[in-house]
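Values in this text are rule-based calculations from the coordinates and carry no lab data. Everything numeric here is computed off the predicted structure, so don't read it as measured data. Cβ placement follows ideal geometry from the backbone for every residue including glycine, while neighbour counts extend to all protein chains displayed.
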Amino acid sequence: MKIGIIIICYNNENDIDIGQCAKYLNELKDIEICLVNNDSKDNTYNLLEELKEHCVNVSILDIKRFKSDNSAVRAGARFMSNQFSLKYLGYVNSNSLFKYHSIVLLFKAIRDNQVDILNYNQSFLNKKGIRLTMFQSLFPVMDYLEKMNIENLYTSLNHNQ
């Protein structure tokens, strides 16, 4: 089962290491990535295009006029639903991206947790208990990653005691 993850990028030129990003993205299984350039004023769009050339599972959507994160996520969701047959769509907004300090670390976290992200999404949607539209079924990838980081921190603290 394929899922899609939409990542909103805004002026991330200094965070994009093509080699490292491509390494993690090419290791993803059954995940399509949509990188949405939200009217970046730096070289972000060109770097995203270069990254796309190195990865078969990456699409780029370029928004020419800055939008709110919610609007940019919806634009990415429309793009992904038109291009791919995906059962689930997750997203990472630009504010959440800063928590990882680097887009490379975000890609690594997604790669390391890809099976669990899918399982988290299924439980997230099952709790809602209704058949959802595409936009209602978007799930926040960062919620899962933050939950895993807290659990890993708690586990490591207990092992050190």
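Annotation note: chymotrypsin sites (Phe, Trp or Tyr not before Pro) in the stretch 45-80 located in DSSP loop regions with a Cβ neighbour count of at most 15 within 10 Å are PHE66. Put simply, the amide H of ILE6, placed in the peptide plane, has neighbours under 5 Å in CYS34, GLY90, TYR91, VAL92, leaving out anything fewer than 5 places away on its chain. Distant-in-sequence amide contacts of SER40, defined by a placed amide H-H separation under 5 Å and a gap of 5 or more residues or a different chain, comprise ASN11. In this label model, SER68 and ASP17 are separated by 3.6 nm, measuring between points 7 Å along each Cα→Cβ vector.
Of the peptides 58-65, 83-90, the order by per-residue mean of other Cβ atoms within 10 Å, starting with the highest, comes out as 83-90, 58-65. Here is the list for the stretch 1-50: trypsin sites (Lys or Arg not before Pro) lying in DSSP coil, each with at most 13 other C-beta atoms within 10 angstrom of its C-beta, are LYS29, LYS41.
Close amide H partners of LYS87, meaning residues 5 or more places away or on another chain with modelled amide H under 5 Å apart, are LYS2. Computed from backbone phi, the HN-Hα couplings of the stretch 22-38 come to 4, 4, 6, 5, 6, 8, 6, 10, 6, 10, 9, 10, 10, 9, 9, 7, 8 Hz, rounded to whole numbers (Karplus: 6.51 cos²θ - 1.76 cosθ + 1.60, θ = phi - 60°; Gly and Pro given as x).
Partners of LYS67 within straight-line reach, counting aspartates and glutamates whose Cα lies under 18 Å from its Cα and excluding those fewer than 8 residues away in the same chain: ASP39, ASP42.
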